[in-house]
Amino acid sequence: MIKAVLIEKTEAGHHAALTELADDALPEGDVTVAVSYSTLNYKDALAITGKGPVVRQFPMVPGIDFAGFVETSRHPDFKAGDSVVLNGWGVGESHWGGLAQKARVNGDWLIPLQAPFTAAQAMAIGTAGYTAMLCVLALERQGVTADQGEILVTGAAGGVGSVAVAVLAKLGYRVAASTGRAAEAPYLRSLGASEIIDRATLSAPGKPLARERWAGAIDTVGSHTLANVCAALRYGATVAACGLAQGMDLPLTVAPFILRGVTLAGVDSVYRPIAQRREAWARLARDLDIEKLAAITNTIPLSEVVPAASRMLAGQVRGRLVVDVNA
Ligand code: NDP
């Protein structure tokens, strides 16, 4: 038997709880992984609370990320004992995920654990941190460099935001961190933010164009915030957009695009090709300070996942939550 979080949808409604499952209940797949650590991402919180249409079939074991070691494999690239990581691919949405002591998946979805990270550190990064790096890579691809001016990170005290601030600061960018939690200003400064912006100044409907301010931005929030970020990008600047914590809508005009030539670069992590995943993980190994990662992270046992999901959607979780599935 294995411990797992299980989401069920019955006539009584949506229900998520810690339970025990038989090994043979695991879904089809050519690699079985003994999970060491998983994480709680925003998407997992939506799945567990039922507040977003993340789960495509029930019952579902949530968890879009896991790190562990291969128990059995029929996949040519993996053998028993290999340390592996999984991020996305619909796991925790349409295929049972990582918030369990074991997972059985398609080996094409796995990557080797990136040195020098431990399994726990890889999950401290998780989809949130790997997405933060994909956003940094998107800015670099558009020619954004540290000497051009300030980079704005929205949702800065969250998981994606915290890693983005830490990585950008290490790369020498001047980082403005937008947060709704003034009390987290010292935390954000410790990660390398040089300026703290009250998110209320970005979240209300704004003008089509504002004063040119940002040389680049990473937005985890969407809605009016992303519209206001676009309106205040400097001529030719880029925003990498990955999130919807404020909302899925995007109420903006074409003015920033046709008058200032700005770029809105969409970032998806879930179906990212393997080569780009490896590139992002290799860059995290180079550009994310392990000490900062420790400051970003808290660890909880599997039994605390369900209440933590509600706290996350209420914006009360700072940084990243690692889940020790064997605690
Ligand atoms: P977190 O919950 O850790 O962080 C989200 C942060 O957004 C909060 O900490 C808060 O930051 C801010 N926030 C919350 N509610 C609001 C609001 N109503 N208005 C403005 N800001 C708000 O989530 P993650 O960092 O894990 O994920 C962030 C977003 O990125 C999510 O929408 C997630 O779905 C998305 N995402 C997308 C991926 C992709 O592949 N495209 C991959 C990973 C994540 P603060 O308190 O500092 O204001």
_Search result, residues across the stretch 288-311 that are open to solvent by 10 Å² or more (accessible area, probe 1.4 Å), more than 13 Å from the ligand (Cβ to nearest atom) and part of a helix (DSSP H, G or I)_ = ILE290, GLU291, LYS292, ALA294, ALA295, SER303, GLU304, VAL306, PRO307
*strands (runs of 3 or more DSSP E) fully within the stretch 62-118 counting 3 or more residues that are closer than 14 Å to ASP324 by Cα*: 65-73
*In the list ASP44, ASP24, which residue meets the criterion of being in a helix (DSSP H, G or I) and either farther than 19 Å from GLU93 by Cβ or more than 25 Å from the chain's Cα centre (by Cα) (or both)?*
ASP24
*Hey, among PRO62, PRO53, which residue is surrounded by fewer than 16 Cβ atoms within 10 Å (Cβ to Cβ) and of a type outside the set (D, E, K, R)?*
PRO53
*Select from the stretch 253-280 the residues that are more than 16 Å from the ligand (Cβ to nearest atom) and not in a helix (DSSP H, G or I) and write down the one among them that is most open to solvent (accessible area, probe 1.4 Å).*
VAL254
*asked:* I'd like to check something: does the stretch 110-121 contain any residue that is closer than 22 Å to PHE78 by Cα, within 16 Å of the ligand (Cβ to nearest atom) and either aromatic (Phe, Trp, Tyr) or more than 19 Å from the chain's Cα centre (by Cα) (or both)?
replied: no
*Restricting attention to the stretch 312-326, and to residues there that are open to solvent by less than 70 Å² (accessible area, probe 1.4 Å) and in a loop (DSSP other than H, G, I, E, B), which single residue is farthest from the ligand (Cβ to nearest atom)?*
VAL325
*Looking at (1) among the hydrophobic types (A, V, I, L, M, F, W, C); (2) more than 24 Å from ALA309 (Cα to Cα); (3) not in a loop (DSSP other than H, G, I, E, B), find the lone condition where VAL160 falls short.*
(2)
_Against the condition touching a strand residue (DSSP E or B) at 6+ places or on another chain (Cβ under 9 Å) and polar (S, T, N, Q), how does THR253 come out, does it pass?_
no
_Residue tally, condition assigned to a loop (DSSP other than H, G, I, E, B) and open to solvent by 40 Å² or more (accessible area, probe 1.4 Å), over the stretch 164-221_ = 16
*From the residues in the stretch 107-163 that are free of Cβ contacts under 8 Å to residues at least 60 places away in the same chain and within 20 Å of ILE197 (Cα to Cα), which one is most open to solvent (accessible area, probe 1.4 Å)?*
ALA146
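The values are calculated or read from the model by the stated rules, or taken from the named source; none is laboratory data. No experiment lies behind these values; they were computed from the predicted model shown. FYI the Cβ positions are ideal-geometry reconstructions off the backbone, even for glycines, and counts take in every protein chain you see. Heavy atoms of the whole protein, side chains included, go into the accessibility calculation; ligands, DNA and RNA do not. Shrake-Rupley method; radii C 1.70, N 1.55, O 1.52, S 1.80 Å.
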